[in-house]
Amino acid sequence: MKTKIFYLSALALITASLFTSCTEKAVISTPPVVVGSAVSDASPLSGSVKGTMLSGKTYTISGDITVNAGDTLLLQPGVTVKVGRGKTILVKGVFISLGTKTSPNYIGPDKSFTKTDAAGYSAAADSAYIGYWTGLNCESTCTLLDLKWTHIEYTGAKFGATFFPSGLSAGAGSFGIQFTNPNGDFIMEDSWMYGSIDDAVRISTGRIHIMRNTFEKCGATGGDCLNAKSGTVGDMAYNLFVGTATNGTKASNKGGVGPQTNVNMYNNTYISGGYRQKAPTGRGGSINYEEGAKGKAFNNLMVNCRTGVRIHNNPAADVINMSYGYNYTYGDSLRVMNNVYPVGASLTSGTTSVTVPQSTDIPAYTALLSNANFQQTYLYTIVGGICPNIVGVYDGSAYVKVGDPKFVGFTLPLTGALSSISAINSTLNFRLQSTSPAIGKGTADASKIAPLNAVQVTNKNFKPTEVTLPGVDMGCYQSNGTGNQH
Amino acid sequence: MILGKTNHFKVTILLFLLVFLTQINATTIKGRILDSKTQEPLTGAIIIDKLNDKINDEARLDGSYFIKKIKPGKHLFSIQYVGYIKQEKEVYVSGNKDVVLDILMEPRKNALAEVQIVGKLDKESSDYARSSEKRADNLLNIISARSIQLSPDITVANVLQRVSGVTVQKTSNSGEGQYAIIRGMDKRYNYTLINGIKIPSPNDKNRYVPMDIFPAELISRIEVIKALTPDMEGDAIGGVMNLVMKDAPDKLLISINGSVGYNKMFFDRPFYQFNTSAINPQAPSERGIPNASPSDFPIQDLIFKGIKPFPNLNGGISFGDRFFDKRLGFVLAISNQNTYSGSDAFVTVPRAQPNPGTLPAFETKENRTYSTLQNRLGIHNKLDFQIDRNNKISLYNAYFELNKYDSRHVDQTSLSTGVGNVDVYDRSQTQLEKIYNSTLQGNHNLTNTIKLDWSAVFSKAWANNPDEAELHTASSDFGNTLILNGISHKWRNNSDQDLAAYLNVFWNPAFLPKNAEIKAGGMFRHKTRHNFYTEYSLDPSPNPQTFSTIENATVLFSGYNANAGSPVNQNDYDVTEDLMAGYGQIKFKILTKLNVLVGVRVEHDLQNYTTPMPATFPGRAGIIPYMDILPSLHLKYELSENQNLRLSYFSSISRPGFFEIIPYNIKGETFDEKGNPNLKEAKAANVDLRYELFPRASEQILVGAFYKNIVDPIEYSLVREAGPSALQLKPQNFGTATNYGVELVFNKYFGNFGVSANYTYTKSSITTYKKTYGRSNPADPTSQLVTDSVLRTRPMQGQADHIGNLSLLYKNQKIGLDCQFSLVYTGQYISQVSGWDGLDFWSMPNTTIDFSFEQRLSKKFNLSIFGKARNLLNSAAITRILKPNDYYLPSNIQLPQQDSPNSIVVQKEQYGQNFLLGFRYLF
């Protein structure tokens, strides 16, 4: 499939520019990880559940289930969990899903849907936005949510009449995953999320490691893929976001819990984000920092997103303590290229930002680099906690359809609406061709960008399998084979 | 029918001119008509010249009378006053010489003493009010029916603001007073009585009663009791409002009044009306539709039409008489008020989290337009029967209803994310509130020294908010194109029922001095409370959908179970409360001038709540007991016949609201909100000192001071519960609060003119945690942005430092004119406590001026015309955050309505002037 095509093309094009030596890893078998006793698959599950779901088995959740505080539910590789309509997985303890590349896990509806991923398919009729179940809801007592090579699909149902997380009520909408413990760890690696109503992942607070995942069709009429609030510290890297309603990655320090939100976003690829906002609220379409959040954003690749990196002015991000650059933008419309640095309310977009154009960005908006109204000293002026000097209107027409990043399977310029791409259908592949102008243009300079490596899990079975360092190829796929493995 | 402001003034000026002209004269006979014993002026006593047999004058407020242009020669004057022996005086008037003649009247003591239906004192007069204040064992302020009738106010809430130390919280949709704050103590610290019986509240969460439900004209007098005696329920720290309803009169009395009025606001803008007949009284789930469909929700209540409203119509009728040798008394009074009011408001909504440095930050700015139709109905009826000279029984029934139909239009503009985004909310709200009370009461003289009274009470309050519907549309291009965002429908209703019994025994044993009295008694009340809540949200389909009109909007239930409403939620709850109380007190006089009242009260309260939450929900149900022992001591030292010095101490409590103790956990607008089953009752020690001087009846000078020490006051504050979780707004007991102040009351009459003034200074302080948000090291701009907390001392919510009232009265009995000009000043107070340091909302000092008059048209038919003009200044109610105003700087993002670099205007409301003109007819 896609992966095979890539390896074939990678083999065919042996490049001498690869400095990193690719040593084959020895694979030595380890016994399957077990906690507690095995969960029975003999009858559908409901109520409190703990123990181990065994490889190869299929479990059905017919009622709402709770992993109690102190308990652990572990999914061995190759487990399928089918969740009934509107049902909730409430995690007060620990939830671990140890899928592998060869035996991924699946958590989703107990029935199958026909995926309608053809470009331009009507969002109103798309099964991705049905909101079938309420996702993984972690309470503040959940110390670890660990997802590896796991599919999570069709989330976003409203909570049922008698079962909902603390602080919510019957009928409230759900996220795909919610994590709420500032002293807990949330690991998500090499996993897939497909279809949600609101945010796919809401990190209310917590230490995070979110790397090499793929997100498609997240948010029906609003919602981000990864939405981090106060007390979130960690990395969002090498993720692929296709057709997100609003942002791919967002960080805010709203909420007053835990340490200041600090998220590094690097080597992510964002395709056609930001076009399903019911009332375009002025929010972004790719990367967003706001309300006291800080972090670093480097080596990201944005194609046809509604806005580029958005450093919000009000409520202002912690502008003086953040940095960004080496980000690559491609746009087929003037609208996109006029919002590489999101502009103010004088345009109908209503987006406001104080994103400072960087000379390392591709394309480099040379005219802006020398314009006093686009300098850090001007844009980062703080009055009453707000940055009142916002990015003003500029002309990006010279950059429209310029700098095709040359994807393996995505022909640009795009024919059709920019919003028509919302999932990876059989023809799409967002790996870079060897001739891509995005290759080698990023930075691996640890003084500029390095992972925060915030999670504190030490158990070898559960800790992150790999903290992938920033790579010089922009976006989530590296020509040396590292990065996103999907 | 509609009188403008200018017309009113013309009428008034004309009337004043008339008055001054008639007072120019040459030969006169003048003097004062007084009670022979007490020297109290007998206002309203008539003096008739027998020679022409017509009333020549009536005694004024200070008892004076005045007969001009009298012919020289012999005159025979007849002087009459209800309850006094008629006198005749022969006077010889010679030439141009003025005659001064004071007349002392003898009360008709024995006239009706046999059946003890005294009642000859006009209990609705101001004189009676003053003398009651003077005689009372404890501290109270009284407003008489006559004062109410003459005042510009039509609801009890608005009357209350005339009482010293009372401020009234206004509703934002009409500007009408609603809740009373007594001596800076918020509404939760006060309770309401009808004829001395506590009544339940239609409020869905709390105990306090909205005072705007009571039409003022049914009230005989309003007592604000500021010091509790042991025979009173102990859960008031600020004070108690007792509404004494009209008694059966001594003879046939029929009165009718009717008036029309208008709010000037609706000359300037339309009143927005919706079709109230479309409102479904029950939610689909209550009607047996477990899974609703969009067609179950009518759209008529979301169609708003701008109209010129009908004039406001008020009317009242009262009938009373005595039968069977005056042993059976009956009174029935009905009052109905139909009022169109409104408000135009500017509001900014603060963001959940301030900017770093705990600087104010705003989410949106809003313009709100309210149009409210209020229909207020009050019916009261009393039957009393004197069985024999020792036994009396009475049955009292009261029913009050306040129906509010409120439409609200909000234009909301984003101030942060998404500049240019406009959200529009159109809401129709129907609020139906009812209170019913039925009290059967007996008074018995068992022996010469033992008396008892008992009451059996059934009382119930309801509130019903059927189908609160809201249409939400939005625009991302400054309002040029609107899209449909959703429609919601909520049903809420609650009821609160009391069954209560009271027993009081009075004993004047022979071994105690003559005036001494031992009183003991108890009470039991069983309360059942029920709350129902459900909410339905309809989403656009297709989504997104351009919005044109509500008729063209298409919606559906999206999401699983959405069509079931919210069958399980924490706003659905049931409470029962059993209160048992007993007390004993003794009253005696020592050292000839010192009155002592001392006693103790014990209250045991058991609250039992249940919610429909699942068994897994912590605190799904609970039983909470409270037990309090409340001693008190009241001393009154009679410095002289007309001077008292009072000192009192009492302890009292304030129990948590019904909803507060339920461990609800709701995602609020800014913070998560959490209930607190561990909430204790607030306990207060109260000390009062007051000097009273009553120069004459109707006149008084009171100077007082009070001090309150409140342990465990209940305040809402942010907490971070043990363990990792978010900030939560939770009612909590907060250490110790203090509240002290000074009160001055002054009433004085000069002939036809009167001045009534009061002033209260209050200072309270409470120390709570407030959150801060900023750099962990303010000197280091690279340090972490952290949320922390600090202890801060502030005044209690609702406590204004200065409160003043001034009324100027003109009363000419002869031409039958009463005029009153009233001014209320309320100093600044915290209207909304913020969880963040320094971001409290402060309501700014406010002055309102009202004017009223009543002119007798015909003596023969007892017909008079009256007018009330309210809120003449139409002064804006302004709320501010007292922080430097960065939004005033030209360099910053601008907020509208700002006028100062030193504080931020966050709310500004205007309610318009109200005019009322009517007729009163007494048979």
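Some notes on this structure:
- Residues in the stretch B:459-507 that are surrounded by 18 or more Cβ atoms within 10 Å (Cβ to Cβ), among the aliphatic types (A, V, I, L, M) and more than 30 Å from residue B:548 (Cβ to Cβ): B:461, B:463, B:500.
Table: residues versus (1) closer than 30 Å to residue A:131 by Cβ; (2) more than 13 Å from every other protein chain (Cβ to nearest Cβ).
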| site | (1), (2) |
| --- | --- |
| B:552 | yes, yes |
| B:568 | yes, no |
| B:571 | yes, no |
| B:576 | no, yes |
| B:590 | no, yes |
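Conditions tested, residue by residue: (1) assigned to a strand (DSSP E or B); (2) charged (D, E, K, R).
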{"site": "B:558", "(1), (2)": "no, no"}
{"site": "B:569", "(1), (2)": "no, no"}
{"site": "B:574", "(1), (2)": "yes, yes"}
{"site": "B:587", "(1), (2)": "yes, yes"}
{"site": "B:599", "(1), (2)": "yes, no"}
{"site": "B:603", "(1), (2)": "yes, yes"}
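- Candidates B:715, B:743 - the one that is modelled with pLDDT of 90 or more, acidic (Asp, Glu) and more than 30 Å from residue A:380 (Cα to Cα): B:743
- Residue in the stretch B:347-357 that is farthest from the chain's Cα centre (by Cα), counting only those that are more than 9 Å from chain A (Cβ to nearest Cβ) and crowded, with 20+ Cβ neighbours inside 10 Å: B:350
- Criterion (closer than 28 Å to residue B:355 by Cα, outside any loop (DSSP other than H, G, I, E, B) and over 14 Å from the mean Cα position of the chain (by Cα)) met by exactly one of A:206, A:222, A:234: A:206
- Meets criteria (among the aromatic types (Phe, Trp, Tyr), closer than 24 Å to residue A:362 by Cβ and surrounded by fewer than 24 Cβ atoms within 10 Å (Cβ to Cβ)) for residue A:270: no
- Picking from residues in the stretch B:674-707 that are out of contact with any Pro (no Cβ under 6 Å at 6 or more places or on another chain) and closer than 30 Å to residue B:617 by Cβ, the one that is surrounded by the fewest Cβ atoms within 10 Å (Cβ to Cβ) is B:678.
- For the stretch A:237-249, a tally of residues being under 15 Å from residue A:285 (Cα atoms) and either in contact with a Lys or Arg (Cβ under 6 Å, 6 or more places away or on another chain) or not in a loop (DSSP other than H, G, I, E, B) (or both) returns 7.
- Number of positions in the stretch B:880-912 that are within 14 Å of chain A (Cβ to nearest Cβ) and free of Cβ contacts under 8 Å to residues at least 12 places away in the same chain: 4
- Meets criteria (farther than 30 Å from residue A:73 by Cβ, of a type in the set (Val, Ile, Thr) and in contact with an Asp or Glu (Cβ under 9 Å, 6 or more places away or on another chain)) for residue A:116: yes
- Test: residue in the stretch B:663-674 that is touching a Leu at 6+ places or on another chain (Cβ under 9 Å) and under 30 Å from residue B:585 (Cα atoms): no
- Any chance residue B:538 is surrounded by fewer than 16 Cβ atoms within 10 Å (Cβ to Cβ) and either within 30 Å of residue A:163 (Cα to Cα) or not basic (Lys, Arg) (or both): no
- Cβ-Cβ under 6 Å pairs, at least 6 apart or on other chains, the stretch B:603-632 side within 14 Å of chain A (Cβ to nearest Cβ), far side of a type in the set (A, V, I, L, M, F, W, C) and surrounded by 15 or more Cβ atoms within 10 Å (Cβ to Cβ): B:612/B:568; B:620/B:613
- Selection status of residue A:197, among the β-branched types (Val, Ile, Thr) and at the interface with another protein chain (Cβ under 9 Å from one of its Cβ atoms): yes
- Flag if residue B:505 is in contact (Cβ under 8 Å) with a residue 12 or more places away in the chain, within 14 Å of another protein chain (Cβ to nearest Cβ) and β-branched (Val, Ile, Thr): no
- Selected residue [farther than 19 Å from residue A:232 by Cα, buried (at least 24 other Cβ atoms within 10 Å of the Cβ) and within 14 Å of chain B (Cβ to nearest Cβ)] from A:313, A:299, A:327, A:304: A:313
- Selection count where residues are buried (at least 21 other Cβ atoms within 10 Å of the Cβ) and on the phi > 0 side of the Ramachandran plot, scope the stretch A:379-426: 2
- Residues satisfying the stated conditions in the stretch A:340-349, i.e. within 14 Å of another protein chain (Cβ to nearest Cβ) and either at pLDDT 60 or above or within 24 Å of the chain's Cα centre (by Cα) (or both): A:342, A:343, A:344, A:349
- All strands (runs of 3 or more DSSP E) inside the stretch A:30-92 with 3 or more residues being hydrophobic (A, V, I, L, M, F, W, C): A:58-67, A:72-75, A:89-91
- Output for the stretch A:366-403, where each listed residue is farther than 29 Å from residue B:415 by Cα and out of contact with any Ser or Thr (no Cβ under 7 Å at 6 or more places or on another chain): A:366, A:367, A:370, A:397, A:398, A:399, A:401, A:402, A:403
- Scan of the stretch A:400-426 for residues that are within 19 Å of residue A:118 (Cβ to Cβ) and either outside any loop (DSSP other than H, G, I, E, B) or under 22 Å from the mean Cα position of the chain (by Cα) (or both), ordered by number: A:407, A:409, A:410, A:418, A:419, A:420, A:421, A:422, A:423, A:424, A:425, A:426
- Verdict on residue B:411 being away from every other protein chain (no Cβ under 14 Å), part of a strand (DSSP E or B) and over 30 Å from residue B:202 (Cβ atoms): yes
- Each residue in the stretch A:116-144 was checked for being away from chain B (no Cβ under 14 Å) and surrounded by fewer than 24 Cβ atoms within 10 Å (Cβ to Cβ), and 6 of them qualify.
- Of all residues making up the stretch B:771-814, the number that are within 13 Å of another protein chain (Cβ to nearest Cβ) and surrounded by 22 or more Cβ atoms within 10 Å (Cβ to Cβ): 4
- The stretch A:161-196 - residue that is of a type in the set (Ser, Thr, Tyr) and assigned to a loop (DSSP other than H, G, I, E, B) and, of those, surrounded by the most Cβ atoms within 10 Å (Cβ to Cβ): A:196
- Residue selected from the stretch B:460-494 under the condition in a strand (DSSP E or B) and among the β-branched types (Val, Ile, Thr), by the criterion farthest from the other protein chains (Cβ to nearest Cβ): B:487
- Options A:472, A:402: the member that is in contact (Cβ under 8 Å) with a residue 24 or more places away in the chain, β-branched (Val, Ile, Thr) and closer than 29 Å to residue A:277 by Cα: A:402
The values are calculated or read from the model by the stated rules, or taken from the named source; none is laboratory data. Everything quoted here is computed from the prediction, not taken from an experiment. Counting neighbours? That spans all protein chains shown, and the Cβs are built from the backbone with ideal geometry, glycine included.
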